[in-house]
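All of the numbers you see were taken from the coordinates with simple rules; none came from a lab. Bear in mind the structure is a predicted one, so any value in this text is a computation, not a measurement. Note: ideal-geometry Cβ built from the backbone for every residue, glycine included; neighbour counts use all protein chains shown.
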Amino acid sequence: MSEEKALVVVEQREVDFYGDEIVAVLAKDGLVYVPIRPICDNLGITLAGQRERIGRDPVLSKAVSSVSVTLTQQSRAMLCLPLKFIPGWLFGINANRVKEDLRDKIIRYQEECYDVLWEAFRDGLLTAEPFAELLETDSPEVQAYMMARAIMQMARNQLLLKARVDTHSQRLDTHELRLETVEAALSNPDRLITEDQAMQLSQAVKAIGLELGKRSGRNEFGGVWGELYRQYKIAAYRQLPAAKFDQAMNFLRQWYGSLTDDDDVPF
């Protein structure tokens, strides 16, 4: 981290991310910065370990800065990354190597954290929940958004992997294969699920979302859709290959069954 004086903050926002508070600030240099410590605390990972990892990374070590952030009514210099580098840092956390109870949370941060923070400064939204509620419907606009977000996420991942091609060539090959799979599904509609099957998937996702919402008190539909898309590497559920429909329904039935004591799954 640079030894220069901490950057001065012009605006600070606290964003509610599914019950976690994430701080983001607009500094005098015109960039949005995100303190690392609050996210580490939310994810149950050590700040010291992440500081070392950032210091070893040739890109993140140049981008990290000291920024004056106000927490608990006290202003102090904190280790921060520009918002655009937050995905690169988060994707460096291997969700398969953390405690099982933290795995889903880390994946959610990797998938959605950047979008929520960017939208907070762009549109003045200070919570992830109102936007998540919009994703409950099956409207063409929602499907277009989900597809665009998935494509952007894949493109971002590809850029990060290319930057580390010498040591991560195997990951790059895997990512390119996933892109080819999505492109093949988009270009060959005969292989995709029918409208009736799409409706069955939608009903299953809504049933799971309702059960999760009873426990968390939050809107969980967006999270269930996101997990389905992640499991089958698709940008919208109507892009699910027909050959994987039964597998996807069994996945959703098992998920629902794990949430209830009722053996009668309603889908």
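³J(HN,Hα) across region 80-97 via Karplus (A = 6.51, B = -1.76, C = 1.60, θ = phi - 60°), whole Hz, x for Gly/Pro?
Result, rounded to whole Hz: 9, 10, x, 3, 5, 9, 4, x, x, 5, 5, 6, x, 8, 7, 5, 7, 10.
LYS214: which lysines have alpha carbons under 28 Å from its alpha carbon, excluding same-chain residues fewer than 8 sequence positions away?
In chain and number order, the partners are LYS99, LYS105, LYS206, LYS233.
Using packing as a proxy for protection, rank 39-49, 220-230 so that the peptide with the highest average count of other Cβ atoms within 10 Å comes first.
Listed from highest to lowest mean packing, they are 220-230, 39-49.
Need one word for region 211-267: rounded, prolate or oblate. Basis is the Cα gyration tensor (sqrt eigenvalues a ≥ b ≥ c); a/c below 1.5 gives rounded, then a/b vs b/c decides.
In terms of gyration-tensor shape, oblate.
Of the options GLY19, ILE45, GLN73, report the single residue whose Cα projects farthest towards the positive end of the charge dipole of region 14-96 (beta-carbon charges: Lys, Arg +1; Asp, Glu -1).
Positive-end residue among those listed: ILE45.
Using θ = phi - 60° and the Karplus curve 6.51 cos²θ - 1.76 cosθ + 1.60, what whole-Hz ³J(HN,Hα) does each residue of region 235-246 get, with Gly and Pro shown as x?
Couplings: 9, 7, 5, 6, 8, 5, x, 4, 5, 9, 4, 4 Hz.
What net charge do the residues around VAL23 carry, taking every other residue with its C-beta under 15 Å from that of VAL23, with Lys and Arg at +1 and Asp and Glu at -1?
Surrounding charge for VAL23 is -3.
Under the rule of at least 5 residues apart or a separate chain, name every residue whose amide H is placed under 5 Å from the amide H of LEU7.
Those lying under 5 Å, H to H, from LEU7 are SER66, VAL67, SER68.
Would you pull out the residues with amide H under 5 Å of GLN12's amide H, same chain only if 5 or more places away, H placed 1.01 Å from N?
Under 5 Å from the amide H of GLN12 lie the amide H atoms of LEU26, each far enough along the sequence or on another chain.
Please list the non-local residues whose amide H lies under 5 Å from the amide H of GLU220, H modeled 1.01 Å from N, same-chain partners needing a gap of 5 or more.
GLY213
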